[in-house]
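Asker: So that we are looking at the same thing, I have put the structure below in structure tokens.
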Amino acid sequence: MALNMKGRNLATLHDLALEEMQEIFKASADLKRKHKAGEATPVLKGKTLAMIFQKPSTRTRVSFEVGIYQLGGTGLYLGPNDLQLNRGETIEDTARVLSRFVDGIMARVFSHNDILTLCKHASVPVINGLSDLTHPCQVLADLLTITERRGELKGLKMAYIGDGNNMAHSLMLGCAKVGMHISVAAPHGYQPKAEIVEWAREDASATGARVEVTTDPVAAAKNADIIYTDVWASMGQESEHSERVNLFQPYQINAGLTAHAKKDYLFMHCLPAHRGEEVSAEVIDGPHSIVFDQAENRLHAQKGLMALLMQNET
Ligand code: CP
Ligand code: NVA
């Protein structure tokens, strides 16, 4: 019997049980198959998703809006200047008011606390579309993509090399939960938060995954099935860009570094990418790269997620 996830929030992947993550993958794969076959799936007919964006977005915005539409509902884009938040209305009141109008809220925010406040005060499901701490929807899409390529997730090794940021955090939580080993290589001062490492290790103890953090990109890349990276300066860190570009040079994913991975390694990046910074053009545009499959799967994974969280009463 399908798990009932109606009304649940998604703030971080640590909040989901392994079975719930598997249920999302199952629903996503099913909706993807039906979409490719031209079959309509109006499981959220008449529902509305409010999409709050405090930061720019290509993939998250388009995949959520197209996704809810393909499920029979409507997406409402609410950019930085569209709400009274800018004029001092609280997140609490925004959550309460939106809950009277819509059936789900997706939010991309600066502070992760804003996601937690939305979760606390909204009476409809809240989905984190990226915060300074985590980006769970991206990792749901990433794990779906790896499953399509490799069949089984458990026992694979991911190397995340670069900034210990929101992507590093979510990948650690996602990999630990499904039993994938993850080795994060980041310079001193830019490593993942200790609290997230602890959460990941908690989940890893149940699945047998190894969670390693190092400063050595070669050690991380060694024998990896997947090499993953992200921008060196995230949204909101633009003023640190040049300082970071100098500091992160040894962490660039290029032919020299990928030579330490398995022969058939996969290269992944959440995008947007900066060729010549965190990854060479040769790697991201080369035969191991699956970055556009990942981007496409944002659509399918989020449709599975929305269908489960926002479904009708049965
Ligand atoms: N990967 C990702 O979230 O991309 P956007 O910033 O374009 O949404
Ligand atoms: N770490 C990046 C991810 C973008 C999808 C950022 O937060 O800007």
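Every number here is computed from the coordinates shown, using simple stated rules; none is lab data. The model shown is predicted, which means the values in this text are computed figures rather than measured ones. Cβ placement follows ideal geometry from the backbone for every residue including glycine, while neighbour counts extend to all protein chains displayed.
Asker: How about region 98-112: which of its residues are within 24 Å of residue 62 (Cα to Cα) and not polar (S, T, N, Q)? Step through it out loud before you land on a result.
Answerer: Initial filter on region 98-112 (within 24 Å of residue 62 (Cα to Cα)): 98-99, 101-112.
Residues satisfying the conditions are 98, 101, 102, 103, 104, 105, 106, 107, 108, 109, 110, 112.
Asker: Filter region 11-42 for residues that are closer than 17 Å to residue 65 by Cβ and out of contact with any His (no Cβ under 8 Å at 6 or more places or on another chain) and give the result.
Answerer: Within region 11-42, 42 is the sole residue that qualifies.
Asker: Picking from 12, 58, which residue would you name as being among the polar types (S, T, N, Q) and buried (at least 19 other Cβ atoms within 10 Å of the Cβ)?
Answerer: Details: 58 fails: buried (at least 19 other Cβ atoms within 10 Å of the Cβ).
So the residue among 12, 58 that is among the polar types (S, T, N, Q) and buried (at least 19 other Cβ atoms within 10 Å of the Cβ) is 12.
Asker: Same structure, new question: Keeping to region 139-154, report how many residues are touching a residue at least 40 places away in the same chain (Cβ under 8 Å) and assigned to a loop (DSSP other than H, G, I, E, B).
Answerer: So in region 139-154, the residues touching a residue at least 40 places away in the same chain (Cβ under 8 Å) come out as 139-150, 154.
Filter once more, keeping what is assigned to a loop (DSSP other than H, G, I, E, B): 154.
Total satisfying the criteria: 1.
Asker: Tell me which residues, restricted to region 232-249, are surrounded by 16 or more Cβ atoms within 10 Å (Cβ to Cβ) and either under 18 Å from residue 215 (Cα atoms) or among the small types (Gly, Ala, Ser) (or both).
Answerer: Within region 232-249, the first condition is being surrounded by 16 or more Cβ atoms within 10 Å (Cβ to Cβ), and the residues that meet it are 232-235, 244-245, 247-248.
If the condition is that a residue be surrounded by 16 or more Cβ atoms within 10 Å (Cβ to Cβ) and either under 18 Å from residue 215 (Cα atoms) or among the small types (Gly, Ala, Ser) (or both), then 232, 233, 234, 244, 245, 247, 248 are the ones that fit.
Asker: Being within 16 Å of ligand 2 (Cβ to nearest atom) and either under 21 Å from the mean Cα position of the chain (by Cα) or surrounded by fewer than 20 Cβ atoms within 10 Å (Cβ to Cβ) (or both) is the requirement here; does residue 131 meet it? Lay out the reasoning, then the answer.
Answerer: Working: within 16 Å of ligand 2 (Cβ to nearest atom): yes; either under 21 Å from the mean Cα position of the chain (by Cα) or surrounded by fewer than 20 Cβ atoms within 10 Å (Cβ to Cβ) (or both): yes.
Spelling it out, residue 131 is indeed within 16 Å of ligand 2 (Cβ to nearest atom) and either under 21 Å from the mean Cα position of the chain (by Cα) or surrounded by fewer than 20 Cβ atoms within 10 Å (Cβ to Cβ) (or both).
Asker: From the residues in region 120-138 that are outside any loop (DSSP other than H, G, I, E, B) and more than 17 Å from residue 5 (Cβ to Cβ), which one is nearest to ligand 1 (Cβ to nearest atom)?
Answerer: As a first pass, look at region 120-138 and keep what is outside any loop (DSSP other than H, G, I, E, B): 120-121, 126-128, 136-138.
Still in the list and also more than 17 Å from residue 5 (Cβ to Cβ): 120-121, 138.
Numbers: 120: 24, 121: 25, 138: 5 Å.
Of everything passing the filter in region 120-138, 138 is nearest to ligand 1 (Cβ to nearest atom).
Asker: Another question, then. For region 217-231: of the residues being of a type outside the set (Val, Ile, Thr) and surrounded by 14 or more Cβ atoms within 10 Å (Cβ to Cβ), which is farthest from ligand 2 (Cβ to nearest atom)? Steps first, please.
Answerer: Our first condition is that a residue be of a type outside the set (Val, Ile, Thr); within region 217-231, this holds for 217, 219-225, 228, 230.
Okay, now just the ones that are also surrounded by 14 or more Cβ atoms within 10 Å (Cβ to Cβ), so 217, 220-222, 224-225, 228, 230.
Numbers: 217: 18, 220: 18, 221: 20, 222: 24, 224: 20, 225: 22, 228: 12, 230: 5 Å.
Among them, the one singled out is 222.
Asker: Let me ask another. Hey, any hits in region 147-160 for a residue that's among the basic types (Lys, Arg), more than 16 Å from ligand 1 (Cβ to nearest atom), in contact with a helix residue (DSSP H, G or I) (Cβ under 8 Å, 6 or more places away or on another chain) and closer than 30 Å to residue 47 by Cα?
Answerer: No.
Asker: Okay, next question. Just for region 93-118: of the residues that are within 19 Å of residue 67 (Cβ to Cβ) and not β-branched (Val, Ile, Thr), which one is surrounded by the fewest Cβ atoms within 10 Å (Cβ to Cβ)?
Answerer: 103
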